[in-house]
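Below you'll find the structure, written out as structure tokens, and then a few comments.
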Amino acid sequence: MSASDERCAGAAGYAPHPYIGGRTAVLRALAAWRMRWPGAPRVIVLTGSPGSGRSRLLTGFLMMCDPDGRRQLPLDQMDPATVPPDLPAPAVPDPQGRTAAQLLWLLADHFRLNAARGEDICTELAAREEPVTIVVPDVDRAGPVRAADEPARVVREVLTPLATTGGVQLLADVPRALAAELARALPPGQARIIDLDDPEWADPAGLVRHAETALAPGAGVPELPFATDPSARRALAEAMAQRAGGSRLTLQLAVQSLFMRPEGFDPADPAMLPGSVGEALDLHARRLGADPLTLRLLLAPLALAEGEGLPVQLWGPLADAVAGRDMSRDLADGMLLAAPFLQPVATAERDGADGGEPDGAQGGEEAGGTADGGRTLLRLMHPGIAEEIRAGLPDVRGAQTRIAMALLEAVPEQDWSRADPYVRDHLAAHTLDAGLLPQLLTDPGLFAHADPVAMRAAIEAVPLEQLGAPARTYLRIAPLLTRTQAPAAVRAAFLESAFVEDGLAPYAQALHGLGFALPWRTLWSVPLTGVRAVTAGSLPPPDAEGVAAEATAARATDGAGAAARHPVAALFVPEGTPGSRPVPDADGAADMDGATGALLVHDLLRPGYIDADPARLRRPSEEARATACFGFSRGTDSLRIWARASREVVATLLSDTPITGADLSPDGVLVVATGRGVTARQILAAPPAAAPTVPGQRTGPLTPLLPTASKETTDDDPGAGAGDRRPLAQPRGAPGAAA
């Protein structure tokens, strides 16, 4: 519906914007804002009803703000007051499908900020010498879950802090319900609301030109009497524009319906012209001899769909669920009926990863996220159509309940690895809208397979007191899942440990029965804070007392001798920790700060502390460690397990709190201490095949077990260096192209 230069020449002889075809008053206000004209507001809030043309207007304006876009426009023929100066392009973070936190990190990436927390981003922007310009379009499309009301969070957590930051020039397209809230955050004169439905900004002449251009014969447009005759076309365009009441969407739907079924259309009959999106739907159905309710029921699953769109194979079952009856015949006969309102969406081919996999991650079919495998989805051509259909449903919660049940039935044998990506990624969103999400959050398989960004957003929308223990565990580690962008197998490993940490061992065990190649099995976890170091060691057999027995145990080099010792983990804790024993003075034990400490002894392979004399504890010899299958390298909040023979990384552990100590026994039991507690994991990954090695022989007594600093990355570790000490990745969607 773009207008040509010839058709849209203004009264002053200026050519209109070739993409917008009007909106001169708004473009003048935006150009003054861009050039920081005296008296122009620092913040502009663009709003209007759905279908008022906000997105198109903003896109056309950004064409003139981009150096490449400017070269493709006839700027010398346009009104100079509507053309912004030739400046570097503003930052344009896309909020569509993203959370407020992701939007902030897009900005941080664009401006190359060093902020470690989201709340520090605006502080760093304020400290910049040069002011920055930010344009945020389509805030109404923010968020991975519609019912979570992410647009409101974007306004409160992103736009309001940006608007109140000195040196930030902001233009944002927000829903009308949130526009006044954003403007109120600023002193008078600093913000201006431009509502495209207000008479001050309305553009009836531009709407007529849009209609006239859309009705003109062209490629794929039938030659109709009222379209080929310029005077008749002009008269019909004026009638359509007047009847549409300023809605570009209503006008577009009217034209599409007319060209699809021109038979019986009388341009002189005003009853043939819709005055709203709802009337456009109903008039189209009647002109095709169908019941308007049937059309709305067919489109309802698409109006309630989440993400990029609905897979074609799910449209029928969900239409049946919404209508409460068999809609297969209506769907088969109704493609022409629904066609003007549909838009196909081609998704990208799955690449085996969601981007940013940690080392050792497994891709392929287990990759999570919302990749739909290169197929075509269907969605409604404009959010305003979906809003109209949802508003007309008598019971949205009931419809969402039936949709959720239909999606659950579509999971083959309740195996989430075989479920359609749409089902596993968006079932939580439908269940949230139905008010039933807490009842769904008990399946470890769904937790592992579902897109963590969408799942986290849905769970966060539920009051915490309504969530069960498994859901609270998921919510606790959700930031780790979303930041790492890990595939399903790695998410399952993180969840397995989290369930054990929170005392939900049956849920952890269930993950081992779901076909995941988990890199470890979590043996135990204790919520012990203040642990400074950990060491894997052993105790002599219970009947081995005295020096002779110690010497016998020290000389044991075969498997039987090693098995006779009791494997334990020694936890170096502050003095006075209940159950701990002081480290013997003779050992000269002290922590890294020079303060004396104490030891807690825990069974290495199962839950439970052991009351043992620290003097009897022994560490494996260096020879035993050197011949073990695995080694590890540790960073601040990450840890890698690698096979000694091949130097390949077989597992990666990331922590949401700093790692304060770690050790790996020769048998492959990893003990890690963080600010949350101490956890032991048995490494399950099989080491890659390599040439056999001859175990080294012990030549002396076992090394006494002393509290030592946990092993850090060394030069002979694979991947040693900054990569092992990297912080957690940024939230999903960042870094990304912010402009």
Using θ = phi - 60° and the Karplus relation 6.51 cos²θ - 1.76 cosθ + 1.60, list the HN-Hα couplings for the range 472-484 in order, rounded to whole Hz, with x at every Gly or Pro. 5, 5, 4, 5, 5, 9, 4, x, 5, 5, 6, 6, 6
Can you compute log10 of I(q)/I(0) for the range 194-248 with the Debye formula, treating each Cα as one identical point scatterer, at q = 0.18, 0.19, 0.21, 0.29 Å⁻¹? -0.59, -0.63, -0.73, -1.09
For the range 271-326, Rg(Cα) over 2.2 N^0.38 Å is 1.26
List the residues, sorted by chain then number, that are 5 or more residues from Gly675 or on another chain and whose placed amide H is less than 5 Å from its amide H. Thr660
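Counting only protein heavy atoms and using a 1.4 Å probe, what share of the accessible area of the range 76-127 belongs to carbon plus sulfur, as a whole percent?
Details: 1180 of 2450 Å².
Percent of accessible area from carbon and sulfur atoms in the range 76-127: 48.
For the range 69-176, what value does the Rg/Rh ratio take when both radii are computed over Cα atoms and Rh is the Kirkwood radius, given to two decimals? Show your work: numbers first, answer last.
Values: Rg = 15.4 Å, Rh = 15.1 Å.
Here Rg/Rh amounts to 1.02.
For the range 590-659, take the alpha-carbon Rg, divide it by the Kirkwood Rh, and send me Rg/Rh. Provide the component values of the computation, followed by the final result.
On the way: Rg = 15.6 Å, Rh = 15.2 Å.
Using only Cα positions, Rg/Rh for the range 590-659 is 1.03.
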P(r) for the range 375-521: what percent of alpha-carbon pairs falls in each 10 Å bin, starting at zero? 11, 38, 34, 13, 4, 0
Among 675-686, 54-65, how do they line up by average Cβ neighbours within 10 Å per residue, starting with the highest? 54-65, 675-686
Counting sequence-distant residues (5 or more places) and residues on other chains, those with an amide H built under 5 Å from that of Leu46 are Ala172, Asp173, Val174, Ile194
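What accessible area per residue comes out for the range 248-292, rounded to a whole number of Å², with a 1.4 Å probe? Please report the intermediate quantities before stating the final value.
Numbers: 1810 Å² over 45 residues.
I get 40 Å² per residue for the range 248-292.
In nm, what is the difference between 0.36 nm times the number of residues separating Asp198 and Asp611 and their Cα-Cα distance? The partial results should precede the final answer.
Working: separation 413, 0.36 × 413 = 148.68 nm, distance 7.79 nm.
Computed gain between Asp198 and Asp611 is 140.9 nm.
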Tell me, what are the semi-axes, in whole angstrom and largest first, of the equivalent ellipsoid of the range 131-219 as set by the roots of 5 times the Cα gyration tensor eigenvalues? 30, 18, 13
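When the expected Rg is taken as 2.2 N^0.38 Å, what fraction or multiple of it is the alpha-carbon Rg of the range 232-332?
On the way: Rg = 15.6 Å, N = 101, 2.2 N^0.38 = 12.7 Å.
Against the empirical 2.2 N^0.38 Å value, I get 1.23 for the range 232-332.
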Using the Karplus equation 6.51 cos²θ - 1.76 cosθ + 1.60 (θ = phi - 60°), what ³J(HN,Hα) coupling, rounded to whole Hz, does each residue of the range 613-624 give in order, writing x for Gly and Pro? 6, x, 5, 8, 6, 10, 8, x, 5, 4, 5, 5
With DNA, RNA and ligands ignored, accessible area of Arg521 (1.4 Å probe; Å², nearest 10): 80 Å²
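The values are calculated or read from the model by the stated rules, or taken from the named source; none is laboratory data. It should be emphasised that the depicted structure is a prediction, and the values quoted were computed from it without experimental measurement. Note that we place each Cβ from the backbone using ideal geometry, even for glycine, and neighbour counts take in every protein chain shown. Please note that ligands, DNA and RNA were not included when accessible areas were found on the heavy atoms of the full protein model with its side chains. Shrake-Rupley method; radii C 1.70, N 1.55, O 1.52, S 1.80 Å.
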